[in-house]
Amino acid sequence: MAQVLPGEHELRRVIDEDREVEGLGEADLLELYRSLILLRTYDERSLVYHRQGRIGTYAIFWNHEAAQVGSAHALEDDDWIFPSYRESAIGLLRGLPPATVLSWWRGHPAGWWNPADYNVASICVPIATHVPHAAGLAWGKKLKGDGAVAIAYFGDGATSEGAFHEGANFAAVMGAPLVLFCTNNQWAISTPLEAQTKAEALVDKAAGYGMPGIRVDGGDVLAVYEATREAVARARDGEGPTFIEAVTYRVAPHATADDPRAYIDLARVEEEKQRECVGRYDAYLRRLGVLTDELAHEFKEDALATMRAAIAAAEAEPPAGPEELFEHVYVDPPTSFGSDLAELRRILDA
Amino acid sequence: MPELYLVEAVNDALHCELARDESVMVMGEDVGRAGGVFRATAGLRERFGADRCVDTPLAEAGILGTAVGLCMAGWRPVCEMQYDAFSYPCLDQLINHVGRYRWRTRGGMEFPLVVRMPYGGGVRAPELHDDSPETFYVHVPGVKVAVPSTPADAKGLLAAAIRDPDPVVVLEPKLIYRTERGEVPEGEHVVPLGRARVVREGDDLTIVAYGAMVPVAERAADAIDASVEVLDLRTLKPLDEEALLASAAKTGRVVLVQEAPRTVGYAAELAAILAEKAILDLRGPVLRVTGYDVPYPYWQIEDAYMPSVERVVDAARRLLAF
């Protein structure tokens, strides 16, 4: 397998070169499209639900869908996904109910799932601290002779964190079957990439860990798929971790609580929006003659119906009671939990 | 029953638990080839292989972070932090993830990992080899903390920690690693978490201690002309509150000893519990003998920092005269 050495900063592309990816049939191409539409619809509806006061603060991932869908489709169901908050809805691609993720953003305990049910770890809120988890899981699976691979998603800012470094180095030293997937959207809230690193490209960091790095157009779902497939194959063949830098652009605010007008070049944002990732793939499929108006309409309507049902289900969750405070912290909870709850109930019920 | 030093009992526990359960693995800096800087993990790599006694990169947060992932893959990692103060980077993982992950999964996944480390002062070492960091660990929800003071407890509490389904931090008093020697049961030996030990019974005053302060409390008890009870907590979380309150009810006078700095230290929690639940049993103020609110000092003056027999005796006499 080809190793990308530092200095090779050229982005790998498929769509802009009008190439086709070996091994992907028409059904696969449409499945990727359906996934893109599902995540795009999830994101756009979430922003609406936030404005309607139906979910809380929300981390927008508009224009990151190609990076998420392309990489996730290169995995088998037994492979583990470690998302950051930017990939909060990536579990949908594994059958995680969207109502669960909406509940997470609603601050309801029903928003947590059992990672073992989907092989999707909990959403990681602190930056990069899940990278060692993914390294540990991948290493642990390898020690057990299990063929599973793990992928850890994080952003450009995360590469400045110690946890990223320790996780990447651990994975390399242990030969862990891990894909380190860096979505470089060029902004960490208001901090631009050039204030985050003096590296010419984030992919250069791979060499320092003795692992190959791949730099890919993060707005190109097929290029991301192809690159991740290569990294997953390496991992599964016992060749250890790979660092992927998927370059895209954050055209939306960091989260609903952020107003980027204070720091971002709005003309650049408009320019990037013209090249947003779902539209690029839509046009590619139409050029191939794979996508019709009818199919596109059907996928969109399905996704909208899914979201309508999901928000209704999330809002139908019974309110969490105070007993939830004490649940699941320990297998064997201390006696103080019982007396604390009894006292709290006495006061709440008075 | 064989007599072992405290650190040998730790080693014995690891040998027994790795032999008993194939999912138990040891990981840390210098634990494999070197057998640990204190020899706590000696012989494990030879007996169980390099995959179950793993020399890791120098990365305390990475050790605990990968241990979280190892738990998700079905392992029970026992992580060594080489020294108390070197463990602080791992607090990032402990606070953000280790204590929260089971709760996050609504009980769906368990994180049966152990963090063990030599802790405490009095060993004439360079800076940051001497801390008593228990407060940081005890304060984290979802995490249990044990501190043995005898070889038998060092083995039994570590075995209990390894078998516990929740994360447990075990602080091993390095000052007495090779001074405390005692009988240790052969083979499997478990001391349940959450049960204190009455070291000696008495009627006039209770000295509460844990770890390396237990021998100090015992020597102080010898030096006081009164009937002194010494209580070794053994587990800081969950605390054996019953044993604490029973002793306070019996003697009415309590001296608390810890080598960590005073402010918001573990003794403050004990004092608060006594104030809440034993106020009518007390015949005098609850007194603390602690380290001071300063950085752990240069070793030429560390004896002035550490709670000494003399300081414990002084507190006890003041309380008896109250």
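All of the numbers you see were taken from the coordinates with simple rules; none came from a lab. Small disclaimer: the values here were computed from a predicted structure and weren't measured. Cβ atoms come from the backbone with ideal geometry, glycine included; neighbour counts cover every protein chain shown.
Quick notes on this one:
- Springs between Cα atoms under 10 Å define the GNM used for chain A, and in it the highest mean-square fluctuation of A:His50, A:His165, A:His297 occurs at A:His297.
- With a threshold of 24 Å on the Cα-Cα distance, the over-threshold entries among B:Lys144/B:Lys250; A:Lys141/A:Lys198; B:Lys237/B:Lys277; B:Lys174/B:Lys237 are B:Lys144/B:Lys250; A:Lys141/A:Lys198.
- On Cα atoms only, tilt of A:131-143 relative to the major axis of chain A in degrees: 80
- Take every DSSP beta bridge whose two residues both sit in segment A:143-289; close to 10 percent of them are antiparallel.
- Helix axis angle, B:241-251 relative to chain B longest principal axis, alpha carbon, degrees: 20
- Note on chain B: helix-only mean residue ellipticity at 222 nm, from DSSP H runs of 4+ residues weighted -39500 (n - 2.57) and normalised by residue number, equals -9500 deg cm²/dmol.
- Computed [θ] at 222 nm, deg cm²/dmol, chain A (DSSP H ≥ 4; -39,500 (n - 2.57); rounded to nearest 500): -13500 deg cm²/dmol
- Once backbone amide H atoms are built at 1.01 Å from N, B:Gly28 has B:Val54, B:Thr56, B:Glu80 as its partners under 5 Å, excluding neighbours fewer than 5 places away on the same chain.
- Convex hull projection area averaged over all views, the protein assembly as shown, Cα basis, nm²: 32.7
- Taking 7 Å steps out from each Cα toward its Cβ at A:Arg346 and B:Ala272 produces label points 1.9 nm apart.
- Counting, for every residue in B:233-239, the Cβ atoms of other protein chains within 10 Å of its Cβ and taking the mean gives 1.
- Rounded if a/c under 1.5, otherwise prolate or oblate - segment A:26-319, Cα gyration tensor axes: rounded
- Phi angles of segment B:192-205 translate, via the Karplus equation with coefficients 6.51, -1.76, 1.60 and θ = phi - 60°, into HN-Hα couplings of x, 5, x, 10, 6, 10, 7, 6, 8, 8, x, 10, 9, 7 Hz per residue; Gly and Pro are given as x.
- Ordering A:Asp217, A:Asp349, A:Asp258 from the fewest to the most neighbouring beta carbons within 10 Å gives A:Asp349, A:Asp258, A:Asp217.
- J(HN,Hα) series, segment B:138-149, from Karplus relation 6.51 cos²θ - 1.76 cosθ + 1.60, nearest Hz, glycine and proline x: 4, 6, 8, x, x, 10, 9, 9, 10, 9, x, 10
- Student exercise, segment B:197-320 dipole from Lys, Arg, Asp, Glu Cβ charges, in Debye to nearest 20: 180
- Cα-centred dipole magnitude for segment A:26-319, charges only on beta-carbon of K, R (+1) and D, E (-1), debye, nearest 20: 480
- Sparsely packed trypsin sites (Lys or Arg not before Pro) within segment B:1-106, loop by DSSP, other Cβ within 10 Å at most 15: B:Arg33
- Alpha-carbon centroid distance for the pair segment A:204-273 / segment B:276-322, whole angstrom: 57
- With Cα atoms, 0 to 90° folded angle of helix A:293-315 axis to chain A main axis: 20
- Computed from backbone phi, the HN-Hα couplings of segment A:100-113 come to 5, 5, 4, 4, 4, 6, 8, x, 9, x, 5, x, 9, 10 Hz, rounded to whole numbers (Karplus: 6.51 cos²θ - 1.76 cosθ + 1.60, θ = phi - 60°; Gly and Pro given as x).
- Between the residues A:Gly279, A:Ile90, B:Leu113, the greatest Cα displacement towards the positive end of the dipole of the protein assembly as shown, with unit charges on the Cβ of Lys, Arg, Asp and Glu, is found for B:Leu113.
- Coil-residue GluC sites (Glu not before Pro) of segment B:1-93, DSSP, other Cβ within 10 Å capped at 12: B:Glu22
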